[in-house]
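Student: Once you've had a glance at the structure underneath, I'll fire off some questions.
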């Protein structure tokens, strides 16, 4: 093997910063961002990011520093995904739904030097930073409180007023130099961002992504979702969720159009698709409910088919069919923060017809709808294993095991928690903590979180499957299913239901609906309780709290 050489000519650390640099050269005059009446080209976006990166260095940002941002899907947050790593630092985009307590905990973990914050959220962030009880917790390693930079939105009818003298985003951009030399990583495994888990199973974890992982994952998205040339992406998925599932960087690689929006509604979706010829959007399954339940006056004809990528509890068939009838093509994904978003995906097709799957096999789509599919091309492997023996379970669609992942598009680790990182990567695989089965075609079907699944003898009942059915009840607004201890069966489902405003129901009606819709009698809840569901600061149901309530309920028939 003599004569081989690794050198700067044939080895450059992988980083999505290169996507933007290329976009400015190849797609310079093409539109990059649309937000209301604001439009930028890729050349302008590149220049603005360079100036912002330059400004960050003038504000003493350097390698190893963390810059936080708390804003909806506005152009500034998109630009920060490039500008912060161009300054050599690490970006952490924060959930805009965080309350004061949760924000304090997260900022204590991050200790950012600078926080970019939307004008409508500046009061909350300022309150946390200037709270005397928090001051010593939030100081960064230079013993300074983080600098606040506000993102003012000219599209708002009103501007939030505050008494603080803080920097403003556009002024910060203006102070930078457009000929700034982007730093990039010295090592492609250096962190580019930190994202937080939802905290549905405990305290939110700080998940670090590397330049290499997001670079490869971005390319994987392009291939797996058949994004083609010049896609138009409507930002219905929050950029604070896995950096917008890495679409922030993938769109620069393609030189597509980012349609930014502050809020998501069916009207905004239909209007945006018609006005901007949107080709892709993604997010939580509630987007499909939003589209399906929208009034006919809002359901404008689509210029062409729009791909919708969703991840989460699978919606009911009527919702899926209605959305498909309106012109949307649905792709279902399974993933998590640690996997940079959806890692396993499969297209959903109407069960009225037989179709060929991705491998050319003819099969009934009724069975496809509940399967998470196959892993992305940039993920090395996905398997269902016995967590004790680490042997793959049989591909029989019945044997339960833990879903495990392995490859280059996983997190670098949990920031500041080496023990949790080692545990997550135990024995050479990422341990998702989810239980599932593998089918004969190789597709994985995720059953539930390991701690949420209901164990009935040798059978594992998915709480997600029950919730998906029960949420389709016309009177039900929210539902959560948890395991309730039972002397005879071991565990049985217990339903906590929040009804829609103005609607009335009782346990008998709910149970009758479940008996008609659910595939197995064992899936029908034994107990039904009505009321508000306990949520954490990010809007996830706290099932641990509900399990305590369920098992405090005296054993009685509903």
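The values are calculated or read from the model by the stated rules, or taken from the named source; none is laboratory data. Keep in mind the model is a prediction, meaning the values are calculated, not measured. Note that each Cβ is placed from the backbone with ideal geometry, even for glycine, and that neighbours are counted across all protein chains shown.
Student: If a residue counts only when it is under 24 Å from residue 106 (Cβ atoms), at pLDDT 95 or above and not assigned by TED's automatic domain parsing to the domain that holds residue 381, which helices (runs of 4 or more DSSP H) contained entirely in segment 208-282 have at least 1 such residues?
Tutor: Per the criteria, 211-224, 242-245, 247-254.
Student: Filter segment 475-492 for residues that are touching a residue at least 12 places away in the same chain (Cβ under 8 Å) and over 22 Å from residue 536 (Cα atoms) and give the result.
Tutor: Within segment 475-492, 475, 485, 486, 487, 489, 490, 491, 492 qualify.
Student: Using the structure shown, decide if residue 384 is closer than 27 Å to residue 218 by Cα, touching a strand residue (DSSP E or B) at 6+ places or on another chain (Cβ under 9 Å), at pLDDT 90 or above and in the same structural domain as residue 306 (by TED's automatic domain parsing).
Tutor: Yes: the conditions hold for residue 384.
Student: So for segment 396-412 (the condition being modelled with pLDDT under 85 and either over 21 Å from the mean Cα position of the chain (by Cα) or surrounded by fewer than 18 Cβ atoms within 10 Å (Cβ to Cβ) (or both)), does at least one residue qualify?
Tutor: Yes: one or more hits.
Student: Out of (1) assigned to a helix (DSSP H, G or I); (2) within 21 Å of the chain's Cα centre (by Cα); (3) modelled with pLDDT of 90 or more, the odd one out for residue 329 is which?
Tutor: Failing condition for residue 329: (1).
Student: Considering only helices (runs of 4 or more DSSP H) fully contained in segment 445-558, which possess at least 2 residues that are more than 30 Å from residue 196 (Cα to Cα), in contact with a strand residue (DSSP E or B) (Cβ under 8 Å, 6 or more places away or on another chain) and modelled with pLDDT of 80 or more?
Tutor: Hits in segment 445-558: 507-517.
Student: For residue 358, only one of the following conditions fails: (1) closer than 28 Å to residue 426 by Cβ; (2) at pLDDT below 85; (3) in a loop (DSSP other than H, G, I, E, B). What is its number?
Tutor: Answer for residue 358: the failing condition is (1).
Student: Of all residues being farther than 28 Å from residue 154 by Cβ and crowded, with 17+ Cβ neighbours inside 10 Å in segment 108-138, which is farthest from the chain's Cα centre (by Cα)? Just the residue, please.
Tutor: Within segment 108-138, the match that is farthest from the chain's Cα centre (by Cα) is 134.
Student: Using the structure shown, decide if residue 432 is closer than 24 Å to residue 220 by Cα and at pLDDT below 95.
Tutor: yes
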